[in-house]
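The values are calculated or read from the model by the stated rules, or taken from the named source; none is laboratory data. Remember, it's a predicted structure, so these values are computed and weren't measured experimentally. Glycine also receives a Cβ, built like all others from the backbone with ideal geometry; neighbour counts cover every protein chain displayed. These accessible areas exclude ligands, DNA and RNA; they are computed on the full protein's heavy atoms, side chains included. Shrake-Rupley method; radii C 1.70, N 1.55, O 1.52, S 1.80 Å.
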Amino acid sequence: MVHPCGSGAFGYFETTKDVSTLTKADFLKSTGIKTPVFVRFSTVTLGREFPDLARNPRGFAIKFYTGEGNYDIVGLNFPVFFCRDPIQGPDVIRSQHRNPQNFLLDHNSLFDLLANTPEGNHAGMMFFSDHGTPQGWRANHGYGCHTFKWVNSEGKFVYIKYHFLADGGQKQFTADEATRLSGEDPDYSKRDLWQAIEKGEKVSWTAYVQIMNPEDADPDTLGFDPFDVTKVWPKSQFPLQEFGKLVLNRNPEDFHRDVEQAAFSPGSMVPGIEDSPDPLLQFRTFFYRDAQLHRVGVNWHQVPVNCPFMASSYSSLNFDGQMRVDANHGKNPQYAPNSFVDKFRPDAAEAPYQLADNTVSRKSHFWHEGSPTEYEQPRHLYNDVMNDEARDHLHKNTASLLAKVEYPEIQIKYLVQAYRVTAKYAKGIYDLLPQKRFSFDEVEDRSLGAEKMGKNPMFCPHAKTDKLLGKCPAVSVYN
């Protein structure tokens with residue numbers, strides 16, 4: 001189970017820019033529309049016994065109570081994730097969990113997975129930087145991470161990425177500050193958010209999207225795969241465009257009812273918003289719903305915080321289940337099609353997109369697999385986005401944890417990945433290790449071919465068509 005420790009609050013989302021030509025979503029159809037929301041913040045992989053400020057990614061999940069049902073954005077305070085392979089998603093979580101044998105934090109597994117997942121070191125760099133210790137929940141930026149589709153009333157679509165930027169600015173603690181405050185107030189983030197709202201302080205984010213036309217979504221032209229969740233879209237190519245304001249102004253009445261039982265799924269979408277060819281997103285649309293059925297129960301939608309109370313109608317997949325106390329289907333026929341009620345929404349059909357080839361395989365989804373291009377974006381983050389202080393903190397934070405790894409082989413392989421980002425990055429970590437059980441020359445010697453660590457050659461792209469193109473077909477979805 002993930003996201004066990006967190007906080008939540010209610011508020012609203014206001015559409016501030018006209019995006020109706022890009023999406024038919026009813027809560028985005030004109031400026032000035034205010035949609036009720038619930039937002040839950042969390043640490044991702046650490047249990048409830050951990051202090052709020054422990055090093056970890058932070059969950060940033062938004063539930064929009066729209067007129068056409070609930071829409072969930074399940075994001076992070078990082079714009080990227082640790083893997084792109086869906087089957088590896090649970091392994092990423094397990095690598096950061098406690099060891100099931102002794103229930104101790106396992107630094108061996110944390111670094112071993114990153115050492116064998118070249119694409120994971122983009123998020124890994126953010127994890128070990130001060131982004132891993134933000135100043136509470138409300139000083140976080142939030143990202144949808146995945147690529148989504150916005151579909152308009154004509155069935156035409158664009159690809160988008162969500163950014164929610166904290167109006168008070170993004171702020172982080174150093175590792176030493178976070179450690180000290182974790183002892184003084186383990187509930188720092190929960191308390192900070194609660195008290196700010198109780199005092200009537202402004203708690204808000206400005207919402208932006210990056211927009212990509214489907215004809216531009218070719219990795220051979222872009223130089224990166226726009227559907228790869230381990231990659232960002234450069235803002236120089238795809239600038240941020242404002243579209244709304246997210247405001248939190250009401251605390252929950254009951255933590256268990258409203259926060260603990262809140263259930264989010266990337267599969268909770270509304271007409272006008274769809275998934276993209278991102279394989280991890282497509283996987284998450286299924287297994288998050290399964291997790292909610294397991295965690296909360298088959299009638300999780302009847303918990304008030306999960307209820308689509310703004311929707312004019314609702315039909316649960318759970319028919320006559322245990323503890324079902326609403327009207328189910330009412331007096332309408334419980335089957336479709338029928339002669340009385342038309343349940344089908346042709347205008348909500350998924351917008352088709354074009355593949356690069358008529359053969360889809362595992363290779364189609366992983367354009368970067370086994371390629372040195374894995375290191376281009378984290379290299380830009382290290383060299384051009386971080387300043388000297390941020391790099392120093394990154395070196396120190398990483399070295400202090402890498403020193404806890406028992407096996408020199410894992411340390412070497414992890415530093416090899418850092419070396420391929422840039423030698424300065426790896427050397428900065430190596431120099432701070434209190435015990436050096438190998439030479440830095442060994443790291444340098446083994447860096448050749450690091451992009452293929454943990455990769456099976458049969459799944460690495462070989463042909464020009466081993467990619468997901470995602471272009472619009474010539475025929476509209478409604479033709």
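Observations on the model:
- If you go through segment 361-380 and keep only what is surrounded by 20 or more Cβ atoms within 10 Å (Cβ to Cβ) and either assigned to a helix (DSSP H, G or I) or in contact with a Leu (Cβ under 6 Å, 6 or more places away or on another chain) (or both), you end up with Ser364, His365, Glu374, Tyr375, Gln377, Pro378.
- The criterion of at least 2 residues that are over 25 Å from the mean Cα position of the chain (by Cα) and touching a residue at least 60 places away in the same chain (Cβ under 8 Å) is met by the following helices (runs of 4 or more DSSP H) wholly inside segment 393-479: 408-421.
- Qualifying residue in segment 87-99 (condition: assigned to a strand (DSSP E or B), basic (Lys, Arg) and touching a residue at least 40 places away in the same chain (Cβ under 8 Å)): yes
- The listed residues are Glu184, Glu177, Glu198, and the only one of them that is of a type in the set (D, E, K, R) and more than 30 Å from Thr398 (Cα to Cα) turns out to be Glu198.
- Matching residues, segment 135-159, being of a type outside the set (Ser, Thr, Tyr) and out of contact with any Leu (no Cβ under 8 Å at 6 or more places or on another chain): Gln135, Ala139, Asn140, Gly144, Lys149, Val151, Glu154, Gly155, Lys156, Phe157
- Among residues of segment 220-235 that are closer than 15 Å to Ile160 by Cα, those with a beta-carbon under 9 Å from a residue that is basic (Lys, Arg) and open to solvent by 10 Å² or more (accessible area, probe 1.4 Å) at least six positions away or on a different chain give the pairs Asp225/Lys467; Pro226/Lys161; Val232/Lys161; Trp233/Lys161.
- Residues of segment 131-188 that turn out to be surrounded by fewer than 17 Cβ atoms within 10 Å (Cβ to Cβ) and part of a strand (DSSP E or B), as a count: 0
- Here Phe111, Phe103, Phe127 are screened, and the one residue that is at pLDDT below 95 and farther than 29 Å from Tyr353 by Cα is Phe103.
- Here Lys413, Lys424 are screened, and the one residue that is under 24 Å from Gln377 (Cα atoms), modelled with pLDDT of 75 or more and loosely packed, with under 15 Cβ neighbours inside 10 Å is Lys424.
- Gln282 satisfies every condition listed in (1) in a loop (DSSP other than H, G, I, E, B); (2) touching a strand residue (DSSP E or B) at 6+ places or on another chain (Cβ under 7 Å); (3) at pLDDT below 95 except (1).
- Selection status of Tyr419, open to solvent by 60 Å² or more (accessible area, probe 1.4 Å) and more than 30 Å from Tyr353 (Cα to Cα): no
- Among residues that are on the phi < 0 side of the Ramachandran plot, among the hydrophobic types (A, V, I, L, M, F, W, C) and either more than 15 Å from the chain's Cα centre (by Cα) or open to solvent by less than 10 Å² (accessible area, probe 1.4 Å) (or both), Phe103 is not included.
- From the options Asp347, Asp388, Asp357, residue that is at negative phi and either among the β-branched types (Val, Ile, Thr) or at pLDDT 95 or above (or both): Asp388
- Selected residue (only one of Phe64, Phe82, Phe111 is in a helix (DSSP H, G or I), open to solvent by less than 10 Å² (accessible area, probe 1.4 Å) and touching a helix residue (DSSP H, G or I) at 6+ places or on another chain (Cβ under 9 Å)): Phe111
- Scanning segment 211-223 for residues that are at pLDDT below 95 and assigned to a loop (DSSP other than H, G, I, E, B) yields Ala217, Asp218, Gly223.
- Pro277 being open to solvent by less than 20 Å² (accessible area, probe 1.4 Å), closer than 24 Å to His3 by Cα and either in a loop (DSSP other than H, G, I, E, B) or without any contact (Cβ under 8 Å) to a residue 60 or more places away in the chain (or both): no
- Residues located in segment 23-43, provided they are of a type outside the set (S, T, N, Q), surrounded by 21 or more Cβ atoms within 10 Å (Cβ to Cβ) and assigned to a loop (DSSP other than H, G, I, E, B): Lys24, Ala25
- In segment 189-229, the residues that are closer than 21 Å to His3 by Cβ and surrounded by fewer than 16 Cβ atoms within 10 Å (Cβ to Cβ): Arg191
- Considering Arg98, Arg84, Arg48, the condition of being among the basic types (Lys, Arg), at pLDDT below 95, under 23 Å from Tyr288 (Cα atoms) and touching a Cys at 6+ places or on another chain (Cβ under 9 Å) is satisfied by Arg48 alone.
- Matching residues, segment 57-69, being modelled with pLDDT under 95 and either polar (S, T, N, Q) or closer than 26 Å to Gly454 by Cβ (or both): none
- Residues of segment 93-137 classified as of a type in the set (S, T, N, Q) and closer than 15 Å to Cys83 by Cβ, total: 6
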